[in-house]
Amino acid sequence: MADPPIFTLFCTPIIVLSLLHLSSAADTLSSVQSIREGEILVSPSRKFELGFFSAGSSKNSFLGIWFVASPEMVVWVANRNSPLTDSNGTLEISNEGELVLLNRSKSIIWSTNSTKVLQNAVAQLLDSGNLVLGERNSSDSTDYSWQSFDYPSDTILVAAYYAIETLEDNITGKITLSPDGVAQALLLTSGSTKWDMILSLPYDPCDSYGYCGTNGICRVNQSPRCLCLQGFMPKLQAEWDMLNTAGGCIRKVPLNCSRGEGFMELSQVKLPDLVDFQLFKNMSLKECKVECLKNCSCMAYANSDIRGPGCLLWFGNLIDIKEIDIVGYDQYLFLRLPASELDSLRSLSKKLVAITVASAISGLLIVGMALSIIWKRRMKSRGLPSGMDDIDLPLYDFATVAVATNHFSQTNKLGAGGFGSVYKVTIKYMQGSLSIGQEVAVKRLSKYSGQGPDEFMNEVLLIARLQHRNLVGLVGCCVEGEERMLIYEYMPNKSLDYFVFGWNHLIFLSSFSLDSSRFEVVLGIARGLLYLHQDSKLQVIHRDLKTSNILLDNDMSPKISDFGLARIFQGDDTEEETRRIVGTYGYMTLDYAFDGKFSVKSDVFSFGVLLLETISSKRNRGFQHPDHHHTLLGHAWLLWSEGRAMELIDESICASFIESQAKRCIQVGLLCIQKFPEDRPTMSSVVFMLANEGATLPLPKEPDFFVERSSGSSDAYFVKEESNTHNVVTVTLPEGR
């Protein structure tokens, strides 16, 4: 009779491995055992395996941990920087109680390097994917001398329960970091081999290295996102026009060190990458300038330590510069410019002084009774109805708001964006129309915000006059000097994008069914938009409708917010044109983005995008699919055309939605994003189609933007500004709304 086998063999589609000397304890390795090429450890529930593997066609070998369900998904590597050059590696426990990896000649190429000596060491692969090393008979199961979780590679394994309370135990989560700096959170359901991505960071392209190319600067949440530094112009203008800024910028005028060159100060910026630089630790900023002027190749200088002396000099192209709009961030960069550019800057600064004075006056119009006549004429010139100059809105002084926000402390801060910061305030005593205990949100516009006096006044005028359950309520404002603040009713559940795209979207999915939550949200948004377009005394086009501008109250009721870019239509106007295109790429139509034409149908299109995003939990901007390069809109159209529309629905809510309702949402969304404005329904039709189960819906036509992108394209904020001049740097004056 043959001897019984001394090892157990496990098979996967890609790797065939075996476990030496391990029978009943296949998840542990003792001091008298070892693992060689072709042998594995298996976690108790057969979730993870540990063994040797090779990457692709390489002959090098590595010790790693991978998912049994997805062997190609390696989650941890021991000898990432010291590969085995042949198939003769051995993992064992040394006499000192360390895990060591030996090569053919028995040299140690990797070890746990633990400082604690173990008497009876044992290594175990846990169901969490954690490889741990400790005493065999230890009473404390967490008393490890070493664990792989303390040394992650490009993947962090997570217990999903700490962030998502409603998920079941059969779901595995992980966070990966790609070589280009993109972090992704993914989930794997038991029995499935498909990983679902639930979160991808960064959201902001400015967090991607060198997003604006050489000699460009990236502006967070502003349009256009990328600008060339002063004195530079796009290297490839045609590509910049198509939002491809990777080519960077070049100088308009070459440097000539003999013609009075100087420096331009850039404030609140992230310093360029240290590619070609010099550091002088004990040099003052004044000495740093002199040192830079000595070398004609010196492009810029900065203080390396804002707390004291220190000098950084840059040579060659500058890359990865980013604006930082944080209070108290005082980092400056001094950019070298030729004399001609400095002269033009001095001339421009005189014009900016006049513009700044005009902006200050326009801000004071809210409270300046002496300028009431000018104010009324200004309102009339914008086509606003009579009576808008009488705004029944409480005004609060800066000192009162500052005290209420604890002087704008970080503990009261709810968030920030390109406009500035938002703070939560609980009223402790009566203030005008505010009552004790009332919670409000204070939106403080940054002086660097793209939302200037016109946008601020636009929002004050509109929200003060518009009243609807699906519009955010404005309870006051503050205008004092350069300070501009709006005081809103507080929305405890943040914005819709936080639930649809963030970690919390899983709670949103599993805690609320489609009919009781998502459907009511989109229906409420539709009713709010209908009020703006038709039922209010003003016909308002929002122009920046998107998930992040939808706030949610205690009952998850949606409130449309941010009216800074809104426009008012008067009389029988149906369409307008503008030279200043503002909004968010991914939510705006082609006819608006390229021709400047907008109407109520522009908002209808944005609503269609928002509806499809909310149903699918996928962003239109940045959407990727392995089978094509369409946006989310194109993907939805393809699925609907092939009779597979339900595949657009997020799998996490497949068990809770009403199928007929979901299909109706998808079809209404496709009707809203049709290519030609005249084909898109009005918001009254949208509300009727959504709210009436028995309504017969027309068949949608091809959507706007239905064209495949290149595989390397990326989405960003889109702004198109036309000018009568051929200069690269243009100034677009805001039009009246």
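The values are calculated or read from the model by the stated rules, or taken from the named source; none is laboratory data. Quick caveat: nothing in here was measured; it's all calculated off a predicted structure. Cβ atoms come from the backbone with ideal geometry, glycine included; neighbour counts cover every protein chain shown.
Would you be able to say whether some residue in the range 127-147 is among the small types (Gly, Ala, Ser), modelled with pLDDT of 90 or more and not in a loop (DSSP other than H, G, I, E, B)? No, the conditions are met nowhere in the range 127-147.
Taking only the range 657-685 into account, find how many residues are outside any helix (DSSP H, G or I), of a type in the set (A, V, I, L, M) and more than 28 Å from the chain's Cα centre (by Cα).
Qualifying residue count for the region: 1.
Scanning the range 159-182 for residues that are modelled with pLDDT of 70 or more and either of a type in the set (Val, Ile, Thr) or touching a Pro at 6+ places or on another chain (Cβ under 8 Å) (or both) gives 171, 172, 175, 176, 182.
Within the range 596-641, track down each residue that is on the phi < 0 side of the Ramachandran plot, of a type in the set (Ser, Thr, Tyr) and either crowded, with 18+ Cβ neighbours inside 10 Å or at pLDDT below 90 (or both).
Result: 599, 602, 606, 614, 616, 631.
Residues checked against (1) at pLDDT 85 or above; (2) buried (at least 22 other Cβ atoms within 10 Å of the Cβ):
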position: 444; (1), (2): yes, yes
position: 448; (1), (2): no, no
position: 462; (1), (2): no, yes
position: 473; (1), (2): yes, no
position: 481; (1), (2): no, no
position: 488; (1), (2): yes, no
position: 496; (1), (2): yes, yes
position: 500; (1), (2): no, yes
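Within the bounds of the range 92-100, is there any residue that is surrounded by fewer than 21 Cβ atoms within 10 Å (Cβ to Cβ), in contact with a strand residue (DSSP E or B) (Cβ under 7 Å, 6 or more places away or on another chain), not in a loop (DSSP other than H, G, I, E, B) and not small (Gly, Ala, Ser)? Yes; the residues of the range 92-100 include at least one that is surrounded by fewer than 21 Cβ atoms within 10 Å (Cβ to Cβ), in contact with a strand residue (DSSP E or B) (Cβ under 7 Å, 6 or more places away or on another chain), not in a loop (DSSP other than H, G, I, E, B) and not small (Gly, Ala, Ser). Among the residues of the range 721-728, are any at pLDDT below 85, at negative phi and in contact with a helix residue (DSSP H, G or I) (Cβ under 9 Å, 6 or more places away or on another chain)? Yes, that holds for at least one residue. Pairing each residue of the range 239-262 that is without any contact (Cβ under 8 Å) to a residue 12 or more places away in the chain and more than 17 Å from residue 319 (Cα to Cα) with any residue that is surrounded by 15 or more Cβ atoms within 10 Å (Cβ to Cβ) and not aliphatic (A, V, I, L, M), provided the two are 6+ apart or on different chains, yields C-beta distances under 6 Å for 239/247. Taking the numbered list (1) at pLDDT 90 or above; (2) within 30 Å of residue 137 (Cβ to Cβ) in turn, residue 95 passes all entries but (1). Within the range 537-566, the set of residues being more than 23 Å from residue 669 (Cβ to Cβ) and surrounded by fewer than 23 Cβ atoms within 10 Å (Cβ to Cβ) comprises 537, 538, 539, 553, 554, 555. Only one of the numbered conditions (1) modelled with pLDDT of 90 or more; (2) in the same structural domain as residue 609 (by TED's automatic domain parsing) is violated by residue 697, and that is (2).
The residue that is modelled with the highest pLDDT, counting only those in the range 323-349 that are in a helix (DSSP H, G or I) and among the small types (Gly, Ala, Ser), is 339.
Taking residues in the range 529-544 that are under 17 Å from residue 562 (Cβ atoms) and among the charged types (D, E, K, R), and partners anywhere that are at pLDDT 85 or above and part of a helix (DSSP H, G or I), the pairs with Cβ atoms closer than 9 Å and at least 6 places apart or on different chains are 543/602; 543/603; 543/606; 544/606.
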